[in-house]
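Data block below; observations after.
The values are calculated or read from the model by the stated rules, or taken from the named source; none is laboratory data. Just so it is clear, the structure is predicted and the values come from calculations on it, not from any experiment. Cβ coordinates were reconstructed from backbone atoms using ideal geometry, including for glycine residues, and neighbour counts include every protein chain displayed. To get the accessible areas, we keep the full protein, side chains included, count just its heavy atoms, and leave off ligands, DNA and RNA. Shrake-Rupley method; radii C 1.70, N 1.55, O 1.52, S 1.80 Å.
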Amino acid sequence: MTEPIHVALAGCGAMGEIVARTVYTGLGGLTAAIDPDPRRAAVVAELTGALPFGSLAEARRAVRVDAVDVRVPHHLHSGLVLEALGAGCHVMVEKPLATTLSDARAMVAAAADAGLVLAVAENYPHLRAVHDARAALDAGRIGDVLALRSTRAYQVGGVWVRDGWRHGTGPSGGILLDQGTHQVSLLRALVGPVEAVAADGDLGTVALTLRMRSGVVAQSMLSWSSPGPAAQAEATVLGTGGRLDVVVDYEGDEGGCLVWTPTSSEHGGKENYYDSHRLMVLDWLESIRTGAEPVVPGEEGMADLAVVVAAAESLAKGGASVAVRAVGHAGA
Ligand SMILES: NC(=O)c1ccc[n+]([C@@H]2O[C@H](COP(=O)([O-])OP(=O)(O)OC[C@H]3O[C@@H](n4cnc5c(N)ncnc54)[C@H](O)[C@@H]3O)[C@@H](O)[C@H]2O)c1
């Protein structure tokens with residue numbers, strides 16, 4: 001029998017409630033539902049059987065907490081993660097790892113110094129479509145890669161904007177932080193590290209041109225003001241022998257990798273984007289149990305953030321290309 005891991009969920013807002021409902025209700029093990037808004041903590045407590053608390057400190061005084069799953073607004077990630085690591089708890093934190101590289105470095109160093117797992121809830125490396133795309137590229141199914149693009153465009157609304165921090169000009173605001181790390185993670189998973197990035201746009205719509213270390217050029221468009229279908233080809237890779245699309249579906253199960261060549265066409269998958277949240281939590285708990293590195297450790301979250309930080313610098317400089325800072329062993 002493996003010893004149960006006692007998990008506290010910190011942040012019972014939109015994402016916290018989804019994870020509670022779709023992951024922890026089936027998994028068990030949640031001992032604390034933490035949110036300064038007592039109604040939100042109560043909803044998650046009711047769903048999962050955890051006890052509701054207003055803060056991590058309060059929860060730790062009352063119940064056993066081995067690990068903390070952090071689902072709070074971006075600028076609050078680092079403070080809460082450092083508090084949890086300082087208390088000897090393993091951590092899973094939502095993307096982006098932090099809002100600054102110095103905060104990200106402090107979080108990664110604190111986890112390493114304490115010998116604790118720091119995993120980032122970054123979905124793309126967990127998607128089967130991305131694994132299949134990577135395998136097709138490695139097998140040379142579309143020949144040599146010429147160029148690639150990614151698009152994340154949708155109309156944000158409802159629970160995602162009710163507290164205002166996402167849309168605002170504050171430290172957590174803007175689509176670059178919110179969706180930029182996702183798209184960088186997707187592009188890096190497909191063709192490797194990013195060397196430099198140029199960005200143009202505003203808080204809600206941004207276009208990026210990324211020079212990958214391999215020499216290939218990528219473009220990425222992000223917008224939360226453009227409605228579109230729930231299932232879309234978020235990434236397309238053009239090769240000398242064909243092309244592939246990574247289709248992501250947020251509502252149904254039409255996600256998967258489409259590999260096309262002049263003589264064949266294969267769509268390998270039936271996947272919903274949110275299934276990856278269960279995979280991420282299971283991977284994190286497995287890392288805690290076995291000591292194996294999680295699929296997306298803090299270093300990888302920091303590498304994604306380094307590209308977004310360079311893109312923000314480019315935006316501030318009117319679209320000039322900015323070199324991505326090297327961060328630890330993961331590269332960027
Ligand atoms: N990976 C994904 O697919 C995905 C999707 C959506 C959101 N997210 C991420 O999830 C995180 C939360 O986003 P959201 O849309 O759920 O935000 P939200 O505003 O709906 O919820 C955040 C909650 O955190 C609570 N909170 C604030 N300080 C806290 C503290 N110290 N301790 C505990 N709780 C605290 C707030 O009261 C709020 O209820 C963000 O990092 C966001 O980027 C990830």
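Taking the stretch 121-152 as the search range and keeping residues that are under 23 Å from GLU299 (Cα atoms) and part of a strand (DSSP E or B), which one is nearest to the chain's Cα centre (by Cα)?
ALA121
How many residues, within the stretch 81-101, are part of a loop (DSSP other than H, G, I, E, B), within 14 Å of the ligand (Cβ to nearest atom) and open to solvent by 10 Å² or more (accessible area, probe 1.4 Å)?
3
Looking at ALA110, ALA104 in this structure, which one is without any contact (Cβ under 8 Å) to a residue 60 or more places away in the chain, touching a Gly at 6+ places or on another chain (Cβ under 9 Å) and either surrounded by fewer than 21 Cβ atoms within 10 Å (Cβ to Cβ) or part of a helix (DSSP H, G or I) (or both)?
Working: ALA104 fails: without any contact (Cβ under 8 Å) to a residue 60 or more places away in the chain.
Result of the check over ALA110, ALA104: ALA110.
Which numbered condition trips up PRO4, out of (1) near the ligand (Cβ under 10 Å from one of its atoms); (2) under 22 Å from HIS277 (Cβ atoms); (3) part of a loop (DSSP other than H, G, I, E, B)?
Tallying (1) near the ligand (Cβ under 10 Å from one of its atoms); (2) under 22 Å from HIS277 (Cβ atoms); (3) part of a loop (DSSP other than H, G, I, E, B), PRO4 fails exactly one: (1).
Would you call SER321 of a type in the set (S, T, N, Q), farther than 27 Å from VAL93 by Cα and either open to solvent by 10 Å² or more (accessible area, probe 1.4 Å) or in contact with an Asp or Glu (Cβ under 6 Å, 6 or more places away or on another chain) (or both)?
Values: of a type in the set (S, T, N, Q): yes; farther than 27 Å from VAL93 by Cα: yes; either open to solvent by 10 Å² or more (accessible area, probe 1.4 Å) or in contact with an Asp or Glu (Cβ under 6 Å, 6 or more places away or on another chain) (or both): yes.
Yes: the conditions hold for SER321.
Considering only the stretch 8-62, state which residues are more than 13 Å from the ligand (Cβ to nearest atom), among the hydrophobic types (A, V, I, L, M, F, W, C) and either closer than 19 Å to ASN123 by Cβ or open to solvent by 30 Å² or more (accessible area, probe 1.4 Å) (or both).
Within the stretch 8-62, LEU27, LEU47, LEU51, ALA62 meet the criteria.
Among the residues of the stretch 167-179, is any crowded, with 22+ Cβ neighbours inside 10 Å and in a strand (DSSP E or B)?
no
If we scan the stretch 215-229, do we find a residue that is outside any strand (DSSP E or B), more than 16 Å from the ligand (Cβ to nearest atom) and under 18 Å from the mean Cα position of the chain (by Cα)?
The first filter runs over the stretch 215-229 and keeps only residues outside any strand (DSSP E or B), leaving 215-216, 224, 226-229.
Narrowing further to those that are more than 16 Å from the ligand (Cβ to nearest atom): 215-216, 226-229.
Adding the requirement that they be under 18 Å from the mean Cα position of the chain (by Cα) leaves none.
There is no residue in the stretch 215-229 that is outside any strand (DSSP E or B), more than 16 Å from the ligand (Cβ to nearest atom) and under 18 Å from the mean Cα position of the chain (by Cα).
For every residue, the table says whether it meets (1) more than 30 Å from ALA87 (Cβ to Cβ); (2) of a type in the set (Gly, Ala, Ser); (3) outside the structural domain of VAL72 (by TED's automatic domain parsing); (4) at pLDDT below 95.
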{"residue": "LEU118", "(1), (2), (3), (4)": "no, no, no, no"}
{"residue": "HIS131", "(1), (2), (3), (4)": "yes, no, yes, no"}
{"residue": "ALA139", "(1), (2), (3), (4)": "yes, yes, yes, no"}
{"residue": "VAL145", "(1), (2), (3), (4)": "yes, no, yes, no"}
{"residue": "ARG149", "(1), (2), (3), (4)": "yes, no, yes, no"}
{"residue": "ARG152", "(1), (2), (3), (4)": "yes, no, yes, no"}
{"residue": "GLY157", "(1), (2), (3), (4)": "yes, yes, yes, yes"}
{"residue": "VAL161", "(1), (2), (3), (4)": "yes, no, yes, yes"}
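Quick one: VAL161 ticks every box in (1) more than 30 Å from ASP66 (Cα to Cα); (2) free of Cβ contacts under 8 Å to residues at least 40 places away in the same chain; (3) away from the ligand (no atom under 16 Å from the Cβ) except a single one, so which number is it?
If we test VAL161 against (1) more than 30 Å from ASP66 (Cα to Cα); (2) free of Cβ contacts under 8 Å to residues at least 40 places away in the same chain; (3) away from the ligand (no atom under 16 Å from the Cβ), just (3) comes out false.
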